[in-house]
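Q: Just dropping this structure here.
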Amino acid sequence: MKRKILRIIFILILLVVVWAIIRFVIGGSEDTWICVDNEWVKHGVPSAPKPTKPCGR
């Protein structure tokens, strides 16, 4: 019974680690400029200035 609980806890921890890797390593930066309806919109706190070239046109 104790081994079964430890196995479940291990699997849950493993799933959280895999999710974190996918979210933060593969997912990319949250602080960036995104193009919405042909206008640049700040997403998060980007370190780069607002892009000067038009978007989505």
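Quick note: the coordinates plus some simple rules give every number you see, no bench work behind them. Just so it is clear, the model here is predicted, and its values are computed rather than measured. Cβ sites come from the backbone with ideal geometry, for glycine too, and all protein chains shown count toward neighbours.
Q: Give the order of Val36, Val45 when sorted by the count of other beta carbons within 10 angstrom, beginning with the fewest.
A: Fewest to most other Cβ atoms nearby, the residues stand as Val45, Val36.
Q: Taking a ≥ b ≥ c as the square roots of the eigenvalues of the Cα gyration tensor of the chain, is the shape rounded (a/c under 1.5), prolate (a/b larger than b/c) or oblate?
A: Details: a/c = 5.81, a/b = 4.20, b/c = 1.38.
It is prolate, given that a/c is not under 1.5 and a/b is the larger ratio.
Q: Next question. Where does each of Ile11, Ile26 land when they are ranked from fewest to most other beta-carbon atoms within 10 angstrom?
A: Details: Ile11 10, Ile26 7.
By the 10 Å Cβ count, ascending: Ile26, Ile11.
Q: At 222 nm, what value in deg cm²/dmol follows for the chain if DSSP H runs of at least 4 each add -39500 (n - 2.57) and the sum is divided by all its residues, to the nearest 500?
A: Calculated at 222 nm, the ellipticity per residue is -11500 deg cm²/dmol.
Q: Give me the percent relative contact order of the chain, please, defined on Cα pairs under 8 angstrom at least 6 residues apart.
A: With pairs under 8 Å counted, the relative contact order is 23 percent.
Q: Taking θ as phi - 60°, what are the ³J(HN,Hα) couplings along segment 18-35 by the Karplus curve (6.51, -1.76, 1.60), each to the nearest whole Hz, with x for Gly and Pro?
A: 4, 4, 4, 4, 5, 5, 9, 8, 7, x, x, 7, 8, 9, 7, 9, 10, 8
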